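Working notes for the structure below.
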Amino acid sequence: MIRIPCPFCGTRDHSEFSYGGDGSIQYPALDAPVQDWHDAVFQRENICGVQTETWQHVNGCRMWLLVDRDTMTHEIHDVRPAHPGMAKVLGVTS
């Protein structure tokens, strides 16, 4: 079982969250060529180790979070708000 320490609600079971995908992807501009969008959506690394993921706390505060999780051990290394403005308000500097 994965336990995610939500910065707003405290540590909760992963069943309260919805996985949003790879949090390190930089999506292209809306008017970018189709190939750029194809590469951003489909050409991804299969990371063995710590990766940044997006998770939404759907059964809690409903906030989107960036979670640094080890894909081999499921150990959570860091959790922070996905929105930079919210992170600034909370004083999170990860």
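The values are calculated or read from the model by the stated rules, or taken from the named source; none is laboratory data. Remember, predicted model here, so these are calculated numbers, not experimental data. When we count neighbours, we look across all protein chains shown, and the Cβ atoms used for this are built from the backbone with ideal geometry, even at glycine. Heads up: the accessible areas ignore ligands, DNA and RNA and are worked out on the full protein's heavy atoms, side chains in. Shrake-Rupley method; radii C 1.70, N 1.55, O 1.52, S 1.80 Å.
Some values worked out for this structure:
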quantity: Residue ID - nearest to residue 69 (Cα to Cα), chosen from residues in region 1-39 that are of a type in the set (A, V, I, L, M) and more than 16 Å from the chain's Cα centre (by Cα); calculated: 1
quantity: Filter pass, residue 46 being touching a Ser or Thr at 6+ places or on another chain (Cβ under 8 Å) and open to solvent by 30 Å² or more (accessible area, probe 1.4 Å); calculated: no
quantity: Top-ranked residue in region 15-35 [being part of a loop (DSSP other than H, G, I, E, B) and among the hydrophobic types (A, V, I, L, M, F, W, C); ranked as most open to solvent (accessible area, probe 1.4 Å)]; calculated: 30
quantity: Residue within region 49-56 that is open to solvent by less than 60 Å² (accessible area, probe 1.4 Å), part of a loop (DSSP other than H, G, I, E, B) and of a type outside the set (Ser, Thr, Tyr) present; calculated: yes
quantity: Whichever residue in region 71-94 is free of Cβ contacts under 8 Å to residues at least 24 places away in the same chain and within 17 Å of residue 25 (Cα to Cα) and, among such residues, is least open to solvent (accessible area, probe 1.4 Å); calculated: 84
quantity: Of all residues making up region 57-70, the number that are within 21 Å of residue 26 (Cβ to Cβ) and open to solvent by 50 Å² or more (accessible area, probe 1.4 Å); calculated: 1
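So that you can scan it fast, the table gives a plain yes or no per residue for (1) touching a helix residue (DSSP H, G or I) at 6+ places or on another chain (Cβ under 9 Å); (2) on the phi > 0 side of the Ramachandran plot:
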{"residue": "49", "(1), (2)": "no, yes"}
{"residue": "58", "(1), (2)": "yes, no"}
{"residue": "78", "(1), (2)": "no, no"}
{"residue": "90", "(1), (2)": "no, no"}
